[in-house]
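Enquirer: Pasting a structure below so you can have a look.
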Amino acid sequence: MGRIVRAATDIGVTVRSSTRPPDRMDAMDWQISEDTVPSAPITEADARSLLGRPPATGAWRDGDPAGERRFAAFGAFATENGESLPGFRLAYESWGQLSPTRDNAVLVLHALTGDSHVRGAAGPGHPTAGWWSDLVGPGAAIDTDRWFVVAPNMLGGCQGSTGPASIAPDGYEWASRFPYLTVRDQVRAQAQLADALGIDSWAAVIGGSMGGMHALEWAVGHPERVARAAILSAPPITTADQIALNSVQLDTIRMDPRYAGGEYYDSVDGDGPHRGLALARRMALLNYRSPTELNQRFQRSWQSGVSPLGRGGRFAVESYLDFHGNKFTRRFDANSYLTLVEAMNSHDVGRDRDGVEDALRRVSATTLVLGIDSDRLFPIDGQHRIARGIPHTLDGDEAVVLSSDFGHDGFLIETAAVAHHLRRLFAT
């Protein structure tokens with residue numbers, strides 16, 4: 001069992017206050033608003049918001065405002081790869097009340113660069129509002145008047161859970177020493193959180209993108225603990241094409257001289273691996289959004305009155321990518337990015353289970369499988385394969401397909417359509 005070191009008073013555990021050192025992360029922006037709204041041209045006010053040198057890491061660190069985070073601490077953790085952590089913690093947030101029978105718990109799992117702040121206002125520790133507030137809350141599709149909703153930051157992340165930016169027992173950051181993790185490792189850590197909260201079975205496990213990989217792994221690996229599952233814009237395996245796209249992003253970070261082999265945490269502002277991390281983010285954004293959206297939104301417009309045709313100006317879409325790449329470095333950690341993308345590459349529900357189809361047959365949960373028709377990161381054929389393999393889905397052998405111009409990020413942006421299908425799931 002884990003030890004809750006700052007947790008919900010409604011489940012009978014104590015709360016420990018958090019302190020912060022001076023001059024730390026006052027202007028940090030590490031929520032993912034760019035993922036949950038349509039693309040838009042960059043304004044002068046946007047550009048001014050990024051004045052100043054980026055920090056060596058955008059990770060949440062001990063002493064920063066806890067905000068609505070709670071923390072669960074655990075003992076030694078052995079990874080699939082044979083490495084170990086002497087102890088770890090998961091940061092999480094929760095909403096609603098756990099029922100006396102503990103049968104109304106819902107697990108919401110975030111995407112690659114997300115965090116536990118699914119809903120709630122901006123404030124100390126949370127510079128921006130939650131990333132799925134339209135879907136989680138009183139009367140919402142994931143109704144917190146009915147359900148006790150838990151959202152952890154995944155193991156290896158940088159938003160309060162143990163990751164490369166965390167302090168190891170020797171008093172230094174884990175940095176390059178942090179162990180290799182798989183999706184299965186991360187789900188096993190989440191299962192320990194469930195145990196610590198006294199939750200034997202989830203009424204639903206819901207995730208999109210990398211969170212959808214976790215949700216699928218929950219349903220396959222722990223079928224007795226999942227009554228319902230929602231797998232949104234996620235594949236059954238990470239394909240060679242997807243691994244290739246990821247490998248370019250990872251090499252971009254490692255080739256930044258300021259990455260310094262992962263040992264950059266003592267660098268002053270501006271001397272961290274922000275160039276490599278920003279470029280990796282720009283590459284990723286091209287997979288998160290669709291050609292239709294970018295072409296319609298930006299066309300061939302200029303960012304300013306200066307021509308980009310050999311006159312030193314820029315196209316508006318270039319400035320859009322630059323802005324969001326630079327913004328990302330102020331809310332994320334380069335080593336965590338490597339750790340989490342490599343975990344994504346490990347994803348294969350059929351590994352050591354006699355293949356994908358045999359693995360999917362293990363799922364006993366009533367399952368919603370949903371994809372986006374314009375998703376070029378995880379194309380819809382992957383969701384159809386999942387739907388064909390799971391015995392009890394809402395729509396038989398085919399996934400629900402949302403028509404959207406927003407590409408992969410459609411599961412974050414098309415909230416009304418996603419809410420409709422989540423309500424269908426909870427009606428079962």
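Enquirer: Please state the shape class of segment 45-127: rounded when a/c is under 1.5, otherwise prolate if a/b exceeds b/c and oblate if not, all from the C-alpha gyration tensor. Present the calculation step by step, with values, prior to reporting the outcome.
Expert: Working: a/c = 2.32, a/b = 1.29, b/c = 1.80.
Oblate, because a/c is 1.5 or more while a/b does not exceed b/c.
Enquirer: Then there's this: By how many nm would the segment from residue 315 to residue 283 grow when fully extended, if each residue of separation counts as 0.36 nm and the alpha-carbon distance is taken off?
Expert: Details: separation 32, 0.36 × 32 = 11.52 nm, distance 1.67 nm.
Contour length minus the Cα-Cα distance gives 9.8 nm.
Enquirer: Further question on the same structure: Once the piece of chain linking residue 306 and residue 239 is laid out straight, how much longer is it, given 0.36 nm per residue of separation minus the C-alpha distance between them? Working shown, then result.
Expert: Numbers: separation 67, 0.36 × 67 = 24.12 nm, distance 4.19 nm.
Gain on extension, residue 306 to residue 239, equals 19.9 nm.
Enquirer: Dividing the convex hull volume of the Cα atoms of segment 3-426 by its residue count, what figure in Å³ per residue is obtained?
Expert: Numbers: hull volume 57.8 nm³, N = 424.
Dividing the Cα hull volume of segment 3-426 by its residue count gives 136 Å³.
Enquirer: Something else about it: Could you list 357, 414 in order of exposure, starting from the residue whose Cβ has the fewest other Cβ atoms within 10 Å? Walk me through the numbers on the way to the answer.
Expert: Numbers: 357 14, 414 18.
If I rank by nearby Cβ atoms, fewest first, I get 357, 414.
Enquirer: Moving on. Could you give the dipole magnitude of segment 3-426 about its Cα centre, charging the beta-carbon of Lys and Arg +1 and that of Asp and Glu -1, in debye to the nearest 20?
Expert: Here the size comes out at about 460 debye.
Enquirer: Along the Cα-to-Cβ line of residue 296, 7 Å from the Cα, sits a label point; which residues in segment 387-428 have backbone N less than 14 Å from it?
Expert: In segment 387-428, the label zone of residue 296 (backbone N under 14 Å from the point 7 Å along Cα→Cβ) covers 403-408, 410, 414.
Enquirer: Give the percent of DSSP beta bridges with both residues in the chain that are antiparallel, rounded to the nearest 5.
Expert: On the way: 18 of 41 bridges.
Antiparallel bridges make up about 45 percent of those DSSP assigns within the chain.
Enquirer: To continue, here is another question. Run the numbers on segment 3-426 and let me know its relative contact order in percent, using alpha-carbon pairs under 8 Å that are six or more apart.
Expert: 19 percent
Enquirer: At R0 = 22 Å, how high is the FRET efficiency between residue 200 and residue 362 if r is their beta carbon distance? Nearest 0.05 is fine.
Expert: Values: r = 18 Å, r/R0 = 0.84.
Plugging the Cβ-Cβ distance into 1/(1 + (r/R0)^6) gives 0.75.
Enquirer: Turning to a different aspect of this structure: Once the other residues with Cβ under 14 Å from the Cβ of residue 271 are scored (Lys, Arg +1; Asp, Glu -1), what is the net sum? Walk me through the numbers on the way to the answer.
Expert: Working: positive: 53, 258, 275; negative: 256, 263, 266, 269.
Neighbourhood net charge equals -1.
Enquirer: Calculate, for residue 395 and residue 268, the FRET efficiency according to 1/(1 + (r/R0)^6) with r their C-beta to C-beta distance and R0 45 Å; round to the nearest 0.05.
Expert: On the way: r = 54 Å, r/R0 = 1.19.
That pair, residue 395 with residue 268, gives E of 0.25.
Enquirer: Could I ask something else about it? For 401, 369, 349, what ranking results if the residue with the fewest other Cβ atoms within 10 Å of its Cβ goes first? Don't skip to the answer; put the middle values down first.
Expert: On the way: 401 16, 369 29, 349 26.
Ascending number of Cβ neighbours within 10 Å: 401, 349, 369.
Enquirer: Here's a follow-up. For 322, 395, 333, what ranking results if the residue with the fewest other Cβ atoms within 10 Å of its Cβ goes first?
Expert: With the sparsest Cβ surroundings first, the list reads 395, 322, 333.
Enquirer: What FRET efficiency, computed as 1/(1 + (r/R0)^6) with R0 = 41 Å and r the Cβ-Cβ distance, is obtained for residue 191 and residue 403, rounded to the nearest 0.05?
Expert: Values: r = 36 Å, r/R0 = 0.87.
Once rounded, the FRET efficiency stands at 0.70.
Enquirer: I would also like to ask the following. What Kirkwood hydrodynamic radius, in Å, does segment 82-210 give when the mean of 1/r is taken over all pairs of distinct Cα atoms and then inverted? Kindly include the intermediate steps, with their values, before the conclusion.
Expert: Working: mean 1/r = 0.0643 Å⁻¹.
Radius from the Kirkwood sum: 15.6 Å.
Every read-out reported here was derived from the displayed coordinates using simple, explicitly stated rules and does not represent laboratory data. Because the structure is a prediction, the values reported are computed rather than measured. When we count neighbours, we look across all protein chains shown, and the Cβ atoms used for this are built from the backbone with ideal geometry, even at glycine.
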